[in-house]
Amino acid sequence: MALLRDPKSYLPSLLLVVFLFQISWCLFVAYPIAWEHAMKKGKQWIYLPKRWNGFYRFSVIWFSRLLIIVNAGLTCVALRAWLPNIDIKYLIVTAIVSLIFFWRISQWILQSRLRQQEDSYYYFQDQLDEELDKDGKDSRQPASKNLASFRHQNLLRNADQEGGLIKALSNQSKLYQTRKTAAIAKWKTENALS
């Protein structure tokens, strides 16, 4: 009981646990929030998981917001425990800064999952461009972009049905990054020789 009476002893640990939970939540559950936002901005090749609708979507969005508020609140409570005579205006500023900080962290994590999906799509686009270039066809036609989008979404749909969406996305992203790095290195060596 003495542990519960002294918040200085457990608040930092509690804040760390909730913060790590928020990071995990964004990485493994809430990532479709950024995907849906990108789709609304016009990226029609984005794949949204099948379960991302109705009550599930609503609850994930609201729980994500709640986690941000809880983290900011715990930060203020911890500050108040460590500095009991702190002026209320500093506590309000801390709350606002904490809300912005935890919201930006969430956005950064969600955007990292979106970048993985973009890498996966561009991997298929590059692969298709190479195929079309070998056949002597123009790769800038909308049909080629639609085919790349179809291949990308089909891969992610199948992975989602098997329960391996995140793993497939990570693998595709790594393939694209490897290909991109190799292409940059090749370009640098060609230009260095010229």
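The values are calculated or read from the model by the stated rules, or taken from the named source; none is laboratory data. Nothing here was measured: the structure is a model prediction, and the numbers come from that model. No Cβ is skipped: glycine too gets one built from the backbone with ideal geometry, and neighbour counts run over all protein chains shown. Note: areas computed on protein heavy atoms with side chains; ligands, DNA, RNA excluded. Shrake-Rupley method; radii C 1.70, N 1.55, O 1.52, S 1.80 Å.
Quote the accessible area belonging to LEU74 in square angstrom, nearest 10, computed with a 1.4 Å probe and with ligands, DNA and RNA left uncounted.
30 Å²
If you take the square roots of the eigenvalues of the alpha-carbon gyration tensor of segment 107-194 and sort them as a ≥ b ≥ c, do you get rounded (a/c under 1.5), prolate (a/b over b/c) or oblate? Please list the in-between numbers first.
Values: a/c = 2.46, a/b = 1.35, b/c = 1.82.
It is oblate, given that a/c is not under 1.5 and a/b is not larger than b/c.
Label-point separation (nm) for LYS43 and PHE55, each offset 7 Å from Cα along Cα-to-Cβ?
According to this spin-label approximation, the distance is 3.1 nm.
Taking only protein heavy atoms into account and a 1.4 Å probe, give the accessible area per residue of segment 12-164 in Å². Write out the running numbers ahead of the final one.
Working: 9170 Å² over 153 residues.
For segment 12-164, the per-residue accessible area is 60 Å².
Would you work out which of VAL18, LEU156, LEU83 lies farthest towards the positive end of the dipole of the chain? Charges go on Cβ: Lys and Arg +1, Asp and Glu -1.
Looking along the dipole axis, the top candidate is LEU83.
Let me spell out the model: positive unit charges on the Cβ of Lys and Arg, negative unit charges on the Cβ of Asp and Glu, origin at the Cα centre of segment 128-176. What dipole size does that give, in debye rounded to 20?
160 debye
Suppose the chain between ASN191 and TRP108 were pulled fully straight at 0.36 nm per residue; how much longer would it get relative to their current alpha carbon spacing?
In short, 26.4 nm is gained.
Explain nothing, just the number: relative contact order of segment 31-165, from Cα pairs under 8 Å at least 6 residues apart, as a whole percent.
Details: 82 pairs, mean separation 40.2, N = 135.
Computed value for segment 31-165: 30 percent relative contact order.
Taking all protein chains as present, what is the carbon and sulfur share of the accessible area of segment 1-118, in % to the nearest whole number, probe 1.4 Å?
The value for segment 1-118 is 72 percent carbon and sulfur by accessible area.
In whole Å, largest first, what are the principal axis extents of the Cα atoms in segment 23-133?
Rounded to whole Å, the extents work out to 70, 31, 22 Å.
Can you sort GLU118, GLU130 by solvent-accessible area, 1.4 Å probe, largest first?
Of GLU118, GLU130, the descending order of accessible area is GLU130, GLU118.
FRET efficiency for LYS167 and VAL97, Cβ-Cβ distance as r, R0 = 41 Å, nearest 0.05?
0.70
Give, rounded to the nearest 20 debye, the magnitude of the charge dipole that segment 37-194 has about its Cα centre when Lys and Arg contribute +1 at Cβ and Asp and Glu contribute -1 at Cβ.
Details: 24 positive and 13 negative charges, 95 e Å.
For this selection, approximately 460 debye.
Considering the zone a paramagnetic label at ASN146 would reach in this model (a point 7 Å from Cα along the Cα-to-Cβ line), which residues of segment 34-77 have amide N under 19 Å from it?
Within reach of a label on ASN146: 42-47.
Over the Cα atoms of segment 46-194, compute the convex hull volume and normalise it per residue, giving Å³.
It comes to 198 Å³ per residue, whole-number rounded.
Pull out the extension gain between LEU20 and ILE88, defined as 0.36 nm times the separation in residues minus the alpha carbon to alpha carbon distance; nm, one decimal. Kindly include the intermediate steps, with their values, before the conclusion.
On the way: separation 68, 0.36 × 68 = 24.48 nm, distance 2.77 nm.
Stretched fully, the LEU20-ILE88 segment lengthens by 21.7 nm.
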